[in-house]
Amino acid sequence: MTTRAALITGASRGLGRGLARQLAKSGWALILDARSDSALEAIRAELAGLTQIVAISGDVTDPTHRAKLAEAAKSVGGLDVVINNASCLGPSPQPMLLDYALETLEAVYRANVIAPLAVIQAARAQLKPGVKIINVTSDAGIEPYDGWGGYGSSKAALEHLSAILAAENEDWRVYWVDPGDMRTQMQQEAFPDEDISDRPLPEDSVPGFIMLLEGDHPSGRYKARELAPPPESA
């Protein structure tokens, strides 16, 4: 049986780490990306006994780093799945749009909109027929929350980019997936003065993603925890 392979960006913590752990248990070959070399090495070491792991630290906004990811994809025989999970919140706390530094907004868009497409473009020659693309989005991409103009509008752009990518590549499965609120470092940075201990753990969103990867759902927008509610709410 041919080993399936996935590229996961932002894989050293939160949702990306949870997805890496679950796919490793199922024997997927994994290419893992994150900006933190030490955190990425920790997850590589944890999973190395389960499956083939290629861990490459760097920034997905960097073309040289993306080229390294594409070369790694070639080394594992091509990709069945690309999960664009790496993301940039922007300033904490989130500023109102009229106060948003434009150079910072540009950086958020480079990370959240341009980089996911650039990763796919870089790995294009290594995408297997019927590849599945998952772009991790947010309810902030469809709801106009005060103070979320930068991050939210970047996720809205990613959602529409994903929809067009799906329309242009009918033989692919392109999913833009809202994982829901999660108890993550990014969530804490978004709400620096709040106790977020009541938020679900990222692992509660992982089963919905796995359903998309293992099933034959049509391209489209999905909410992970509606696809597969966590056990306590099922």
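Over 16 Å from Val119 (Cα atoms), among the hydrophobic types (A, V, I, L, M, F, W, C) and touching a Phe, Trp or Tyr at 6+ places or on another chain (Cβ under 8 Å): does that describe Leu47?
Numbers: over 16 Å from Val119 (Cα atoms): yes; among the hydrophobic types (A, V, I, L, M, F, W, C): yes; touching a Phe, Trp or Tyr at 6+ places or on another chain (Cβ under 8 Å): no.
It is false that Leu47 is over 16 Å from Val119 (Cα atoms), among the hydrophobic types (A, V, I, L, M, F, W, C) and touching a Phe, Trp or Tyr at 6+ places or on another chain (Cβ under 8 Å).
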Filter pass, Glu71 being within 15 Å of Val54 (Cα to Cα) and surrounded by fewer than 20 Cβ atoms within 10 Å (Cβ to Cβ): yes
Would you point out the residue of segment 74-103, among those that are out of contact with any Asp or Glu (no Cβ under 8 Å at 6 or more places or on another chain) and of a type in the set (Gly, Ala, Ser), that is surrounded by the fewest Cβ atoms within 10 Å (Cβ to Cβ)? Ala101
Please go through segment 127-162 and give me each residue that is in contact with a strand residue (DSSP E or B) (Cβ under 7 Å, 6 or more places away or on another chain) and either without any contact (Cβ under 8 Å) to a residue 12 or more places away in the chain or more than 21 Å from Ile8 (Cβ to Cβ) (or both), ordered by number. Asp139
Within segment 176-194, is even one residue of a type in the set (Val, Ile, Thr), closer than 20 Å to Leu19 by Cα and at pLDDT 95 or above? yes
Look at Gly141 and say whether it is more than 21 Å from Tyr222 (Cβ to Cβ), buried (at least 20 other Cβ atoms within 10 Å of the Cβ) and not polar (S, T, N, Q). no
Hey, among Arg13, Arg66, Arg17, which residue is in contact (Cβ under 8 Å) with a residue 40 or more places away in the chain and either touching a Phe, Trp or Tyr at 6+ places or on another chain (Cβ under 9 Å) or more than 19 Å from Glu203 (Cβ to Cβ) (or both)? Arg66
Out of everything in segment 141-155 that is of a type in the set (Phe, Trp, Tyr) and not in a helix (DSSP H, G or I), what residue ends up being modelled with the highest pLDDT? Tyr145
Check Val131 against each of (1) assigned to a helix (DSSP H, G or I); (2) of a type in the set (A, V, I, L, M, F, W, C); (3) at pLDDT 95 or above and name the one condition it does not meet. (1)
Taking the stated definitions as given, is Glu106 surrounded by fewer than 20 Cβ atoms within 10 Å (Cβ to Cβ) and modelled with pLDDT of 95 or more? yes
Within segment 7-28, can you find the residues that are of a type outside the set (A, V, I, L, M) and more than 15 Å from Ile210 (Cβ to Cβ)? Thr9, Gly10, Ser12, Arg13, Gly14
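The values are calculated or read from the model by the stated rules, or taken from the named source; none is laboratory data. Since the structure is predicted, the reported quantities are computational estimates derived from the model, not experimental observations. So basically every Cβ, Gly included, is an ideal-geometry build from the backbone, and we count neighbours across all protein chains shown.
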